[in-house]
Amino acid sequence: NNKLNTIPDEAWGLDSIAWLELDNNNISHIPENIKNAKSLNALFLSNNTLSVIKSYLFQPTLVSLMLDGNNIRHIPVEISKLMNKLQMLKLQNNKIVDIPAEIGQLNALWMLDLRNNSISSFPKEMTIFGKKTTKNKYLYIYGNPICSNGWRSSDAATADIKQLMESSKAGCTKQCSPYC
């Protein structure tokens with residue numbers, strides 16, 4: 001809430017920075033210097049003006065990434081760099097059209113919020129959300145075309161996702177995520 005347009009380069013050089021909240025600003029670009037933030041676990045960039053996610057944003061230490069309320073259209077395939085770390089990913093209220101297959105490689109992911117985008121199908125690799133694990137998994141997709149198309153697709157990913165949504169009270173039903 002500081003009307004920031006940019007992030008000072010010096011911020012990324014801090015060895016001990018683990019949690020960075022930059023919500024509700026006018027940030028439209030994340031500099032490549034984010035690579036220098038070697039301890040960054042949580043990055044909050046909700047309600048900014050980001051339209052592109054650069055692949056260098058996916059630092060291997062990230063556990064939580066909040067990019068909701070921006071103008072993002074695509075998720076880069078490089079998101080797979082976070083396969084064993086990323087647990088929470090919030091992308092609701094963007095303009096996302098499709099989900100890359102690589103999102104199925106996010107083994108630690110337990111909460112994915114995709115509400116209010118333009119998603120009409122899921123890649124078959126998202127069956128990871130239907131697998132039994134010790135953690136509950138939450139997938140929020142209310143407000144996407146996939147919720148209003150009658151789930152016509154009969155592929156395994158759609159069936160697994162539909163089953164997950166029925167058991168977790170998430171999915172196409174209008175609801176609040178754990179962070180509302």
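The values are calculated or read from the model by the stated rules, or taken from the named source; none is laboratory data. Since the model is a prediction, treat every value here as computed from it, not as a measurement. All Cβ positions, even for glycine, are placed from backbone atoms using ideal geometry, and neighbour counts span all protein chains on display. Ligands, DNA and RNA are excluded from the accessible area calculation, which covers all protein heavy atoms including side chains. Shrake-Rupley method; radii C 1.70, N 1.55, O 1.52, S 1.80 Å.
Please enumerate the residues belonging to the stretch 7-36 that are at pLDDT below 90 and exposed (fewer than 14 other Cβ atoms within 10 Å of the Cβ). Passing the criteria: 8, 9, 10, 13, 15, 16, 35.
With respect to (1) touching a helix residue (DSSP H, G or I) at 6+ places or on another chain (Cβ under 9 Å); (2) farther than 25 Å from residue 109 by Cα, the lone exception for residue 37 is condition (2). Annotation: of all residues in the stretch 37-54 being farther than 25 Å from residue 115 by Cβ and touching a residue at least 24 places away in the same chain (Cβ under 8 Å), the one that is surrounded by the most Cβ atoms within 10 Å (Cβ to Cβ) is 37. Number of residues in the stretch 84-129 that are touching a Gly at 6+ places or on another chain (Cβ under 6 Å), under 22 Å from residue 21 (Cβ atoms) and either open to solvent by less than 30 Å² (accessible area, probe 1.4 Å) or of a type in the set (Ser, Thr, Tyr) (or both): the value is 1.
The numbered conditions (1) more than 28 Å from residue 148 (Cα to Cα); (2) over 11 Å from the mean Cα position of the chain (by Cα); (3) not basic (Lys, Arg) are all true for residue 64 except (2).
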